[in-house]
Amino acid sequence: MTRTVITSWHGTALVDGDRTVRTERAPMDPASLEERARQRREGRLTPEETRLLAAAETAGAVTGDRRLADHGLRLDLTLPAGRTTDDAPIDRSPLRAALLADAERAIRAAWDPSIHVEEAVRASADLERVRNLVGERVGSWISRDVPEVDPGDHEGAARAALEATDRSPFGPPDPGLRDARRRLAELYRSVESTRAELDAAVAAALPARSPNLSALLGPDLAARLLAQAGGIERLARLPASTVQVLGAEAAFFEHLRGRAPPPRHGLLFLHPAIQSAPRRDRGRLARTLAGKAAIAARLDRGGAPIDPALAAAFEARRARLSADRAPGRGTGPRRGSRKPFHRAADDR
């Protein structure tokens, strides 16, 4: 009968039919079991498996574990899974403790602290909407009895609401309404103050978390890009073409439906160099900046220091586009001409 190598959480055994030929038992302390669970998850052999495979008795044996099949055993996926090395009862409490410890370690390793930056950016965007709504209401209300106040000047309207007295014949006749309007103006200022504190906290924290991305894009735009991508881990995996249109998802799906041209940029439009560029150059600059931002995210994910070559390369591309627009240089390639390969590479 063909011998079979069976491995489980508490050891590895070589069996021949119903007879156990050799057994290598694993230590039962949680630390050792946790290490062995991690080794199996990563596709490596445990010490017990290594010792058993080194024995001459395992020659020609079969296994149902793909890991062991890579070390000279024949793979048979029809073998029953979860079979133990013997019929003796096993105390599973050490296994439970080891798996819980391993899960906690894996969660700590997978934790991305940039989630706090994402939440701060989203909170700032929420407060911006709230601030505008409250400011519009304060401006509309105060303009009823102080017509010289511009309703669109929300800060001025809030100041007028806080300074308004009951001497105006058109003011709220009820003291409760006057107090309510003052509290609304105080709410506007409180929301604005909190939003400013959030923005300042993000600007101070991001350069330490993502130095390359912050140096290339500025802390505010880098934080928005991180929040849109879902963290530095995901941003580091995205291709440059996706980074270029982050924030323009609605326009991109309209393009997929055939209702609009493809978007040339998303959040990257907030970069001063792209905003100030001529319309025909914005797509090229956004493409270049997206490529550098993708590299910067990968550098930050690996903990690399600031690479000044990224910003320098983007500025060089910007300067070349500006030089191409200079008088006497023409407005671009002639109709029917093909873009040189080295120029196409510069757009990436």
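The values are calculated or read from the model by the stated rules, or taken from the named source; none is laboratory data. Bear in mind that the values here come from a model prediction, so they are computed numbers and not experimental data. Quick reminder, even Gly has a Cβ in these numbers, built from the backbone with ideal geometry, and neighbours come from all protein chains shown.
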Going through (1) touching a Gly at 6+ places or on another chain (Cβ under 6 Å); (2) surrounded by fewer than 20 Cβ atoms within 10 Å (Cβ to Cβ) one by one, residue 194 fails only at (1)
Please identify the pairs in which a residue from segment 70-93 that is more than 16 Å from residue 17 (Cα to Cα) has its Cβ atom under 9 Å from the Cβ atom of a residue that is modelled with pLDDT of 75 or more and of a type in the set (D, E, K, R), counting only partners at least 6 apart or on another chain. 71/49; 73/65; 75/65; 75/66; 77/66
Run down 174, 220 and say which single residue is of a type in the set (Asp, Glu) and not assigned by TED's automatic domain parsing to the domain that holds residue 293. 174
Is there a residue in segment 232-252 that is among the aromatic types (Phe, Trp, Tyr) and not assigned by TED's automatic domain parsing to the domain that holds residue 287? no
In the set 138, 130, 191, 146, the lone residue that is touching a helix residue (DSSP H, G or I) at 6+ places or on another chain (Cβ under 9 Å), farther than 30 Å from residue 267 by Cα, touching a residue at least 12 places away in the same chain (Cβ under 8 Å) and assigned to a helix (DSSP H, G or I) is 138
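Sort through 162, 177 and tell me the only one that's surrounded by 13 or more Cβ atoms within 10 Å (Cβ to Cβ) and of a type in the set (A, V, I, L, M, F, W, C).
Criteria check complete, one pass: 162.
Residues of segment 216-235 being aliphatic (A, V, I, L, M) and within 16 Å of residue 274 (Cα to Cα), which ones? Walk me through it before giving the result.
Looking only at segment 216-235, we keep the residues that are aliphatic (A, V, I, L, M), and these are 216-217, 221-223, 225-227, 229, 232, 235.
Once the filter is applied, which keeps residues that are aliphatic (A, V, I, L, M) and within 16 Å of residue 274 (Cα to Cα), segment 216-235 yields 216, 217, 221, 222, 225.
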Set 251, 296: member being closer than 28 Å to residue 206 by Cα, part of a helix (DSSP H, G or I) and either in contact (Cβ under 8 Å) with a residue 24 or more places away in the chain or out of contact with any helix residue (DSSP H, G or I) (no Cβ under 6 Å at 6 or more places or on another chain) (or both): 296
Mind listing whichever residues of segment 266-285 are closer than 22 Å to residue 323 by Cβ and outside any helix (DSSP H, G or I)? 271, 276, 277, 278
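Looking at segment 176-188, which of its residues are touching a residue at least 24 places away in the same chain (Cβ under 8 Å) and aliphatic (A, V, I, L, M)?
184, 185, 187
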Quick one: in segment 299-311, of everything that is small (Gly, Ala, Ser) and part of a helix (DSSP H, G or I), which residue is farthest from the chain's Cα centre (by Cα)? 309
Considering only segment 286-301, I want to know if a residue exists there that is of a type in the set (A, V, I, L, M) and surrounded by fewer than 18 Cβ atoms within 10 Å (Cβ to Cβ). no
All conditions in (1) buried (at least 20 other Cβ atoms within 10 Å of the Cβ); (2) among the polar types (S, T, N, Q); (3) without any contact (Cβ under 8 Å) to a residue 12 or more places away in the chain are true of residue 210 except (3)
